[in-house]
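Notes to accompany the following structure.
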Amino acid sequence: MQLLNTLYITTPETYLRLDNDTLRVEVERETRLRVPLHHLTAVVCFGHINLSASLMHRLADEGIALVLLNDNGRFKARLEGAVSGNVLLRQAQFQRAADSAFALDMARACVAGKIKNTRQVLQRGAREAKTEDEVKSLTRLADDLAASLRALPTAADLDTLRGVEGEAARQYFSGLNLLVRADQRNAFRMDGRSRRPPRDRFNALLSFLYAMWMNDCRSALEAAGLDPQVGFLHALRPGRAALALDLMEEFRPWADRLALTLINRGQLAADDFALREGGGVSLEVDARKAVVVAYQERKQEELNHPLLAQTVPLGLVPLVQARLLARAMRDEGAPYVPFVAK
């Protein structure tokens with residue numbers, strides 16, 4: 001149930017209401033689903049979804065998070081009840097955030113995890129490439145990322161570290177087009193990462209998947225008793241869940257992998273995306289549903305966790321990593337180790 005306790009609502013104009021101890025989902029005044037509240041830890045709404053005030057109050061009382069995202073999956077708001085967690089742990093987190101040396105080490109670990117996992121995506125693509133030119137291009141990019149990894153220990157401050165991360169991301173995204181099936185490359189071609197709004201189909205799909213990973217990472221941090229707003233790599237800003245963004249960095253390549261799977265297996269096609277006014281691109285309603293289902297299925301896949309030396313469902317890995325972050329906050333002798341699949 002830990003993998004299936006988030007309810008995603010993607011159909012426009014859906015109405016959510018409280019029905020005794022259950023959440024009732026209505027579409028055009030017809031009941032489509034009833035979910036007992038004790039089965040839920042979060043409700044995530046995409047686009048224009050209507051909710052009753054009594055339901056919102058009950059969700060807050062039960063500690064069930066309500067997350068509002070726009071059609072592209074961009075975070076808009078989050079409703080939650082009283083703050084929970086260990087106040088001593090949060091105090092330690094705030095003290096660590098003020099320690100520049102610790103903050104740099106933590107940020108370096110986040111970037112290292114991201115680059116290692118993105119490099120694996122390119123290496124896998126090189127092994128499966130159809131032409132020698134593609135093999136050479138992907139191998140060269142993977143080698144460039146290895147050079148970025150070697151540069152991390154020499155980054156003396158956060159700005160330098162962010163520069164290394166930004167250049168590594170640019171190189172990585174330049175190679176993703178080669179991982180798309182040849183007959184789909186024109187439809188899903190991307191010219192680097194674009195957001196707010198996404199400017200092509202691939203970026204629209206990535207933004208949607210990143211938003212779901214972001215919600216899971218934030219929930220995992222809250223479950224561990226940490227404050228998701230106070231991070232290390234991402235600068236502190238009002239309303240920004242900086243620590244959740246930090247944690248999500250090592251999971252972005254998992255979103256990229258799923259996006260490539262959906263495209264290359266033909267589960268998404270060009271007409272599953274809509275061109276919006278102003279040049280933005282977004283997923284159509286039925287396509288959003290398909291992506292949510294695929295995401296939930298992917299989270300149930302068993303992976304070997306190198307630090308635990310045991311298999312763990314992918315959907316539980318953010319919870320494991322959040323607890324490792326909490327340990328790093330409390331114990332100076334326990335540095336944070338990002339999740340890198342073998």
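List of remarks:
- Given (1) within 23 Å of the chain's Cα centre (by Cα); (2) closer than 24 Å to ALA107 by Cβ, number of the condition VAL180 does not satisfy: (2)
- Checked against the criteria, ARG170 counts as out of contact with any helix residue (DSSP H, G or I) (no Cβ under 8 Å at 6 or more places or on another chain), within 21 Å of TYR210 (Cβ to Cβ) and loosely packed, with under 14 Cβ neighbours inside 10 Å.
- Counting the residues of segment 104-155 that are touching a residue at least 12 places away in the same chain (Cβ under 8 Å) and under 20 Å from PRO338 (Cα atoms) gives 29.
- Looking across segment 265-319, the residues that are open to solvent by less than 30 Å² (accessible area, probe 1.4 Å) and in a helix (DSSP H, G or I) come down to ALA287, ARG288, VAL291, VAL292, ALA294, TYR295, GLN296, LEU314, GLY315, VAL317, PRO318.
- Residue in segment 13-33 that is within 17 Å of ALA220 (Cα to Cα) and part of a strand (DSSP E or B) present: no
- Unmet criterion (only one of (1) more than 24 Å from LEU79 (Cα to Cα); (2) charged (D, E, K, R); (3) not in a helix (DSSP H, G or I)) for ARG252: (3)
- Selection of helices (runs of 4 or more DSSP H) fully inside segment 73-171 by the criterion of at least 2 residues being more than 30 Å from ARG58 (Cα to Cα) and touching a Ser or Thr at 6+ places or on another chain (Cβ under 6 Å) returns 100-128.
- Residue that is farthest from the chain's Cα centre (by Cα), among those in segment 223-247 that are crowded, with 24+ Cβ neighbours inside 10 Å and not in a loop (DSSP other than H, G, I, E, B): LEU243
- Identity of the residue in segment 6-21, open to solvent by 30 Å² or more (accessible area, probe 1.4 Å) and without any contact (Cβ under 8 Å) to a residue 60 or more places away in the chain, that ends up farthest from GLU297 (Cα to Cα): ASN20
- Of the residues making up segment 173-194, those that are without any contact (Cβ under 8 Å) to a residue 60 or more places away in the chain and open to solvent by 40 Å² or more (accessible area, probe 1.4 Å) number 9.
- Every condition in (1) under 27 Å from TYR8 (Cα atoms); (2) out of contact with any helix residue (DSSP H, G or I) (no Cβ under 9 Å at 6 or more places or on another chain) holds for ALA294 except the one numbered (2).
Residues are listed down the side, and each one gets a yes or a no for (1) in contact with a strand residue (DSSP E or B) (Cβ under 8 Å, 6 or more places away or on another chain); (2) not charged (D, E, K, R):
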{"position": "ILE9", "(1), (2)": "yes, yes"}
{"position": "VAL35", "(1), (2)": "yes, yes"}
{"position": "HIS57", "(1), (2)": "no, yes"}
{"position": "GLU80", "(1), (2)": "yes, no"}
{"position": "ALA101", "(1), (2)": "no, yes"}
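- Tally, over segment 29-51, of residues that are loosely packed, with under 15 Cβ neighbours inside 10 Å and of a type in the set (S, T, N, Q): 2
The values are calculated or read from the model by the stated rules, or taken from the named source; none is laboratory data. In this text, all values refer to a predicted model and were calculated from it rather than measured experimentally. Here the Cβ is made from the backbone with ideal geometry for all residues, glycine too, and neighbour counts use every protein chain on show. Surface accessibility is based on the protein's heavy atoms, side chains included, excluding ligands, DNA and RNA. Shrake-Rupley method; radii C 1.70, N 1.55, O 1.52, S 1.80 Å.
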